[in-house]
Amino acid sequence: MRRPGDTRGFATAGSLVGVLLSLVAVLVVLTLCRGTLGLAADLGEISTRAASAHWALDRMVAEVSRAGAGLPAAGAESSPDEAVELLDSGALGIRGDLDAADPALARDPEEQIAGIYPRTTTGNDEVVIFYRRAGSRGGRLRARFEADLDSSDRITLADGSELARRDGVVESIDAGPFTDPGDARAGTLYRVTFVHDARRAGTGRFRIVQPLIDDVVLFEVTALDGQGTSIAPCGGADDSASRACRGRVRRVRLTVEMKGGGRFEREIALEER
């Protein structure tokens, strides 16, 4: 025979089971929520990196597409200026009249630095290098090339800075260390250009290094000739063979791969001259 207290015992046990089931359900919901939030955060991070990669590529496309703009046609005069000043699998250097749309910028300081030439259309800030650097030192590779960015014929401005007039003689220019595409460590993609103040020539202060995006595991440059054939990297030396190699470049393919996934490419036609 069931005693009166037995009913209360069964009721209490049932209540406990109900509470436990409710707690389990709450834990399941919280776990699912955390997973959903974590997935959303991961997707958000991937989306942000993709947006950054597209922004950086757009920036590079805008400038690389102007490589050669305003430069004399090959052989027209003895200027050492080249549309492609540096060609490596992990670094690209271009020169072009990037400020042609602004008459004031296009004349300053170009009119003052023409030197031995009737005119010049590119200042030091229109020589632009792109590369990736991983780690504090970037690796053993250096983005070096030869170009006419300095001379002993100088103008002293009111603020004490000096402008170097063009003399047609090239100098060895160091744009800094970069990382080989085969090194998959995450690094930063950089844009490097140069100041006009000739007092800084030959020092680290001669270059301006601007970070574009972080978490880049690959930056690769592929140069193509007019028939679409790949051109092997030929550095930045001013000898005839290297110049002829870089002079064949008609298109450039830039590849950027981000940490955690996402590979992006752009193929750019250089300015016709």
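Annotations for the structure displayed:
- Pick from the stretch 221-272, criterion among the acidic types (Asp, Glu) and surrounded by 16 or more Cβ atoms within 10 Å (Cβ to Cβ), ranking: farthest from Leu87 (Cα to Cα): Glu257
- Being at pLDDT below 90, over 21 Å from Tyr190 (Cα atoms) and touching a Leu at 6+ places or on another chain (Cβ under 8 Å) is a condition met by no residue of the stretch 34-43.
- Residues (assigned to a strand (DSSP E or B) and out of contact with any Phe, Trp or Tyr (no Cβ under 9 Å at 6 or more places or on another chain)) located in the stretch 148-173: Arg154, Ile155, Thr156, Glu162, Leu163, Ala164, Glu171
- Members of the stretch 175-216 found to be surrounded by 15 or more Cβ atoms within 10 Å (Cβ to Cβ) and of a type in the set (Asp, Glu), listed by number: Asp180, Asp183, Asp197, Asp215
Yes or no, residue by residue, for (1) over 30 Å from Arg243 (Cα atoms); (2) of a type in the set (Phe, Trp, Tyr); (3) modelled with pLDDT under 90:
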residue	(1), (2), (3)
Ser15	yes, no, yes
Val29	yes, no, yes
Trp55	yes, yes, no
Asp81	no, no, no
Leu87	no, no, no
Ile113	no, no, no
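- Within the stretch 87-108, the set of residues being assigned to a loop (DSSP other than H, G, I, E, B) and either under 13 Å from the mean Cα position of the chain (by Cα) or surrounded by fewer than 22 Cβ atoms within 10 Å (Cβ to Cβ) (or both) comprises Ser89, Gly90, Asp97, Asp99, Ala100, Ala101, Asp102, Asp108.
- Residues of the stretch 109-139 that turn out to be in contact (Cβ under 8 Å) with a residue 12 or more places away in the chain, part of a loop (DSSP other than H, G, I, E, B) and not hydrophobic (A, V, I, L, M, F, W, C), as a count: 11
The values are calculated or read from the model by the stated rules, or taken from the named source; none is laboratory data. Here the structure is a predicted model, which means the values were calculated and not measured. Virtual Cβ from ideal backbone geometry, glycine too; neighbours counted across all protein chains shown.
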